[in-house]
Amino acid sequence: MENKKTKQLKNFKIDNEQKAGLTTNQGLKMAEDEFSLKAGLRGPTLLEDFHFREKMTHFDHERIPERIVHARGVGAHGVFQVYESLEKYTKANFLNDSSKITPVFVRFSTVQGSRGSSDTVRDVRGFATKFYTDEGNYDLVGNNMPVFFIQDAIKFPDFVHAVKPEPDTEVPQGASAHDTFWDFFGQNPESAHMIMWAMSDRAIPRSLRMMEGFGVHTFRLVNKEGKAHFVKFHWKPALGVHSQVWDEAQKAAGKNPDFHRIDLYEAISKGDFPEWELGLQLIPEEDEFKFDFDILDPTKLWPEEEVPVKLVGKMTLNRNVDNFFAETEQIAFHPGHVVPGIDFSNDPLLQGRLFSYTDTQLSRLGGPNFHQIPINRPVCPFHNNQRDGMHQMAIHHGQTSYHRNSLNNNQPEPVPESQGGYEHYQEKVDGRKVRERSESFLDFYSQAKLFYNSLASYEQQHLKDALSFELGKCKSQQVKDNAIAVLNHIDRQVAEEVSENIGALLPQENNEVKSDKKSPALSMANTIKKPDTKNVAILLNGAPDSNKITEWVKVLASSKINFSIVDKKVHSLNENVKVTDTYDTADSSLFDAALLISSDNKLDKKPLEFIEMSFKHFKPLAFFVQNKKSLDNIRIDLNDPGVFNLSTKDITDFIKGIAESRFWDRK
Ligand code: HDE
């Protein structure tokens, strides 16, 4: 698993096992670390106590500013490999050689909440990948949704001010269900398409391992001959795209605020390495104007049925970080970190991002040398005439630090394009300076409708429920009415149902876009379904036969399903099978399925609640009861879809149910 990045990072690791003893930061061995230096046993602490001062000062400065957005995140190391050379499209070295394994680091994040907020909130997820290529770092800084709320970067501070906790109360945390966010939506209808995504099940992912990723903007790939294609980047998860249901997500946020973080960490620790395929949608330069949307508009996607996604490589996350702060917190992404063969488009949102990221790192990471922090260092040599600054780690020697010089043979010298130097794509640009929106960006509603049309009916219902919840939490009648007026441009039925739920004004006129166009790729109903890495709670009631349990856990494990056995107390059933969770520590919101095994003639309150909640969240359920009476007090229909009686059905039927994930057509 060793690669250039892991080798590089090793040089910076400090191991507690080193037997050097405890020293100050100056290397002085200290004989005492528990008591400050005092004048007399009961006397005041002395200023002379350099050890106390150093320890306390360092502690006082341990925190750095959190990211202004995407503050809460989690990351992991991995590798990327392209399936076959993409030299036809790009000269990027890491995409030209199918034998090359490129180290990567990925950081997933929520957007709105602060560092300590919960994982399972309703929000967009960041999906940022740093490729440590031999030609320098390439960052693909994407999200789990393919479009964005605004069309021009100059509106980003406004958008973020609206979605973040409100300035007078600093409420809400990890949520967009508040007046300023929905006021922004009502006043900025360019958000219409993204709002549909943000209110869909995509915003409550089951796992970070089960999300798609999107580069959002249109970029350019450029080959050796200088021929360019417009490109959109996709990450397609091997486990498919899956979500929680809203009630479950809210409960999980309380039962385990670190639900996604731990899910990723544990999967990697166990060797269930998460995988994504890299996908490209490509449009030749000459086809730029062949579509009914502007390909520079970041509120538009390219329907996969019109521009197919070509799967070109695989990314595997295979190593957890050693230190969260050093790696996950200090990593600095920037959409402007590119390599030869990858270039930008004139998307006005992307153009603004190219300024913002380095700028924000200056205050977050405390100066201009953050590229020297181990996690940010390229694995290829890097050298130029930039000098000094806060936290300079390099000792540049020699007399010169300017270009052009004669004293040092003009070193370091620019590298011509033919030898790997970066040249910008020579797009012809000619225009008047204007502060305006292009007319081709003015259709806000067609793709919002396309997205809605493409969803399965249960997904549409979830979206309407989400809108009703979020707008229902708003206090201002005006904000609610304005939001409904925008929804009325997308879909009349949505506007009707939501306005009725929240007591808002429905415009008399139906302004909805008339279109029944669909893109099946947009619905999660059509995703990959596998039992792999799902979590099953095996609920014990009474003292059931441990042989049956031993047999079943073997079958579950052979299908790559994880399980926890839950009982009133932790104990061992036999040498190999242990009860690891209790009804106090386990909760149905933290599992994908439940299997009840009961030997008693009455079901206890806690397993009963667990089962009923799993049922309510549409999860697969199985039961094996020695006495039928034990199910007398259960308030669910055991003949409903996704409920498996293991006295009459085989465990493999239950496993198929686990793969299916949810049974939406329960009564
Ligand atoms: Fe970001 N964004 N963003 N963003 N963004 C940041 O950079 C910004 C946008 C995204 O895990 C910040 O280092 C502007 C779209 C991710 O470290 C900041 C605009 C997309 C992350 C910033 C956007 C993203 C960030 C805050 C509109 C999807 C987390 C901290 C023009 C394609 C990266 C930081 C990580 C982080 C600016 C819009 C993705 C302030 C100005 C669109 C995944 O620089």
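When region 323-354 is examined, which residues are found to be of a type in the set (Phe, Trp, Tyr) and either touching a Pro at 6+ places or on another chain (Cβ under 8 Å) or more than 9 Å from the ligand (Cβ to nearest atom) (or both)? Phe324, Phe325, Phe344, listed by residue number.
Give the residue that is least open to solvent (accessible area, probe 1.4 Å), with candidates limited to residues of region 531-552 that are assigned to a loop (DSSP other than H, G, I, E, B) and over 19 Å from Leu590 (Cβ atoms). Top of the filtered list is Pro544. Out of Phe624, Phe654, one residue alone is over 37 Å from the mean Cα position of the chain (by Cα), within 27 Å of Lys568 (Cβ to Cβ) and of a type in the set (Phe, Trp, Tyr). It is Phe624. Taking the conditions (1) farther than 30 Å from Glu266 by Cβ; (2) within 12 Å of the ligand (Cβ to nearest atom); (3) of a type in the set (Gly, Ala, Ser); (4) in a loop (DSSP other than H, G, I, E, B) in turn, Ala394 satisfies each one other than (2). For the condition open to solvent by less than 20 Å² (accessible area, probe 1.4 Å), assigned to a loop (DSSP other than H, G, I, E, B) and either more than 8 Å from the ligand (Cβ to nearest atom) or at positive phi (or both), Val379 does not qualify. The set of residues in region 150-171 that are touching a residue at least 60 places away in the same chain (Cβ under 8 Å) and open to solvent by less than 20 Å² (accessible area, probe 1.4 Å) comprises Ile150, Gln151, Val160. Taking each residue of region 80-95 that is farther than 22 Å from Pro237 by Cα and looking for partners that are open to solvent by 50 Å² or more (accessible area, probe 1.4 Å) with beta-carbon atoms closer than 6 Å, six or more apart or interchain, yields Lys91/Lys224; Asn93/Asp134; Asn93/Glu135. For first residues located in region 49-61 and more than 11 Å from Ser36 (Cα to Cα), partners that are of a type in the set (Gly, Ala, Ser) and in a loop (DSSP other than H, G, I, E, B) and lie 6+ apart or on another chain with Cβ distances below 8 Å do not occur. Pairs meeting the criteria (first residue in region 121-139 and over 30 Å from Ala175 (Cα atoms) and among the polar types (S, T, N, Q), second residue more than 16 Å from the ligand (Cβ to nearest atom) and assigned to a strand (DSSP E or B), beta carbons under 7 Å, at least 6 apart or on different chains) are Thr133/Thr102. Being in a loop (DSSP other than H, G, I, E, B) and at pLDDT 95 or above holds for only one residue in Val570, Val566, Val555, and it is Val570.
Yes/no per residue for (1) closer than 26 Å to Val121 by Cβ; (2) not small (Gly, Ala, Ser):
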position	(1), (2)
Lys433	no, yes
Arg437	no, yes
Phe441	no, yes
Phe451	yes, yes
Ser454	yes, no
Ser457	yes, no
Gln461	yes, yes
Phe469	yes, yes
Lys473	yes, yes
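Among residues of region 334-362 that are within 26 Å of Glu66 (Cβ to Cβ) and among the polar types (S, T, N, Q), those with a Cβ under 6 angstrom from a residue that is assigned to a helix (DSSP H, G or I) and open to solvent by less than 30 Å² (accessible area, probe 1.4 Å), sequence gap 6+ or separate chain, pair up as Gln361/Phe370. Taking first residues from region 96-116 that are within 30 Å of Cys380 (Cα to Cα) and small (Gly, Ala, Ser) and partners that are modelled with pLDDT of 95 or more and more than 13 Å from the ligand (Cβ to nearest atom), the Cβ contacts under 9 Å between residues at least 6 apart in sequence or on separate chains come to Ser98/Gln81; Ser98/Val82; Ser98/Tyr83; Ser98/Glu84; Ser98/Ser85; Ser98/Gly313; Ser99/Gln81.
Let's see how each residue does on (1) at pLDDT 95 or above; (2) assigned to a loop (DSSP other than H, G, I, E, B); (3) of a type outside the set (D, E, K, R); (4) under 41 Å from the mean Cα position of the chain (by Cα):
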position: Phe35; (1), (2), (3), (4): yes, yes, yes, no
position: Gly43; (1), (2), (3), (4): yes, yes, yes, no
position: Leu47; (1), (2), (3), (4): yes, yes, yes, no
position: His51; (1), (2), (3), (4): yes, no, yes, no
position: His58; (1), (2), (3), (4): yes, no, yes, yes
position: Glu62; (1), (2), (3), (4): yes, yes, no, yes
position: Pro65; (1), (2), (3), (4): yes, yes, yes, yes
position: Val69; (1), (2), (3), (4): yes, yes, yes, yes
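Quick check on region 483-490. Is at least one of its residues surrounded by 15 or more Cβ atoms within 10 Å (Cβ to Cβ), under 30 Å from Asn346 (Cβ atoms) and out of contact with any Lys or Arg (no Cβ under 6 Å at 6 or more places or on another chain)? Checked region 483-490: at least one residue is surrounded by 15 or more Cβ atoms within 10 Å (Cβ to Cβ), under 30 Å from Asn346 (Cβ atoms) and out of contact with any Lys or Arg (no Cβ under 6 Å at 6 or more places or on another chain). For region 428-462, the candidate set comprises residues that are in a loop (DSSP other than H, G, I, E, B) and basic (Lys, Arg); within that set, the residue that is surrounded by the most Cβ atoms within 10 Å (Cβ to Cβ) is Arg437.
Screening Leu362, Leu349 for residues that are of a type outside the set (D, E, K, R) and either at pLDDT below 95 or open to solvent by 20 Å² or more (accessible area, probe 1.4 Å) (or both) leaves exactly one candidate, Leu362. One residue stands out in region 23-70 among those that are hydrophobic (A, V, I, L, M, F, W, C) and open to solvent by 100 Å² or more (accessible area, probe 1.4 Å): the one that is nearest to the ligand (Cβ to nearest atom), namely Ile68.
Scanning region 295-314 for residues that are within 16 Å of the ligand (Cβ to nearest atom) and of a type outside the set (Lys, Arg) yields Ile295, Leu296, Asp297, Pro298, Thr299, Leu301, Trp302.
The values are calculated or read from the model by the stated rules, or taken from the named source; none is laboratory data. These numbers were taken from a predicted model, which means no experiment stands behind them. As a convention, Cβ positions derive from the backbone with ideal geometry for all residues, glycine included, and neighbour counts pool all protein chains shown. SASA here: full protein model, heavy atoms, side chains in, ligands and nucleic acids out. Shrake-Rupley method; radii C 1.70, N 1.55, O 1.52, S 1.80 Å.
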